[in-house]
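Data first, discussion second: the structure below is written as structure tokens.
The values are calculated or read from the model by the stated rules, or taken from the named source; none is laboratory data. What you see is a predicted model, and the numbers here were worked out from it, not measured in a lab. Here the Cβ is made from the backbone with ideal geometry for all residues, glycine too, and neighbour counts use every protein chain on show. Side chains are part of the model used for accessible areas, which takes the heavy atoms of the whole protein and leaves out ligands, DNA and RNA. Shrake-Rupley method; radii C 1.70, N 1.55, O 1.52, S 1.80 Å.
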Amino acid sequence: WPTQGVLVATMPVIAMAGVVKFSLLPGVSILEDIPCSYQALDQGLLDQEMKDACRNGRTGTCFLISGFLMLASGCKYIVPRLREVEEAYLLQQPDEVLNREGLPLPKSAKKQIKNVPKRWKRAHLILTSVL
């Protein structure tokens, strides 16, 4: 079923791209008359070339931000939470073993043990995906 998975994963991307492109179309965008450079802001007027440059920059910024948001939400599915068995195993370990394994938690924060590996794995996945 790889085709079905690819289609389901592609739908949010296409929907987000459509929303971004439609909301920044000439005549539809509420940001159309707002200058995006200090020079245009000082002069107080916008020519068509500057409007096109502003629209392209805003479109690119929206795609970049939405890409990061989709990557972050996708990481929740790729890196799931710890299973109860894994969490119980980590809770039984002494602090020295956890520190050696890269999970530096004091005794008072021992209940947060289930969030640390998940958070690190998701951040690592995002970093490697961006690079």
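Conditions tested, residue by residue: (1) polar (S, T, N, Q); (2) within 30 Å of GLY5 (Cβ to Cβ); (3) part of a loop (DSSP other than H, G, I, E, B); (4) touching a Leu at 6+ places or on another chain (Cβ under 6 Å).
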position: GLY27; (1), (2), (3), (4): no, no, yes, no
position: ASP52; (1), (2), (3), (4): no, no, no, no
position: ASN56; (1), (2), (3), (4): yes, no, no, no
position: MET70; (1), (2), (3), (4): no, yes, no, no
position: LYS76; (1), (2), (3), (4): no, yes, no, no
position: PRO117; (1), (2), (3), (4): no, yes, no, no
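Within region 105-131, being more than 17 Å from ILE78 (Cβ to Cβ) and of a type in the set (Gly, Ala, Ser) holds for SER108, ALA109. State which residue is modelled with the lowest pLDDT when the search covers only region 12-65 and only residues that are within 28 Å of the chain's Cα centre (by Cα) and of a type in the set (Asp, Glu). Per the criteria, the residue is GLU32.
Residue-by-condition table, conditions (1) surrounded by 11 or more Cβ atoms within 10 Å (Cβ to Cβ); (2) not β-branched (Val, Ile, Thr):
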residue	(1), (2)
VAL20	yes, no
LEU25	yes, yes
TYR77	no, yes
LEU82	yes, yes
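Applying the set (1) closer than 29 Å to THR128 by Cβ; (2) in a helix (DSSP H, G or I); (3) open to solvent by less than 60 Å² (accessible area, probe 1.4 Å) to GLY102 leaves exactly one unmet item: (2). Would it be correct to say that PRO117 is closer than 30 Å to LEU64 by Cα and open to solvent by less than 70 Å² (accessible area, probe 1.4 Å)? Here the answer is yes, as PRO117 does meet what is asked. Hey, any hits in region 121-131 for a residue that's hydroxyl-bearing (Ser, Thr, Tyr), under 30 Å from PRO12 (Cα atoms) and either free of Cβ contacts under 8 Å to residues at least 60 places away in the same chain or in contact with a Lys or Arg (Cβ under 8 Å, 6 or more places away or on another chain) (or both)? For region 121-131, residues hydroxyl-bearing (Ser, Thr, Tyr), under 30 Å from PRO12 (Cα atoms) and either free of Cβ contacts under 8 Å to residues at least 60 places away in the same chain or in contact with a Lys or Arg (Cβ under 8 Å, 6 or more places away or on another chain) (or both): present.
Check whether at least one residue in region 33-48 is open to solvent by 90 Å² or more (accessible area, probe 1.4 Å), farther than 30 Å from LYS114 by Cα, among the β-branched types (Val, Ile, Thr) and not in a helix (DSSP H, G or I), and report yes or no. No, region 33-48 contains no residue that is open to solvent by 90 Å² or more (accessible area, probe 1.4 Å), farther than 30 Å from LYS114 by Cα, among the β-branched types (Val, Ile, Thr) and not in a helix (DSSP H, G or I).
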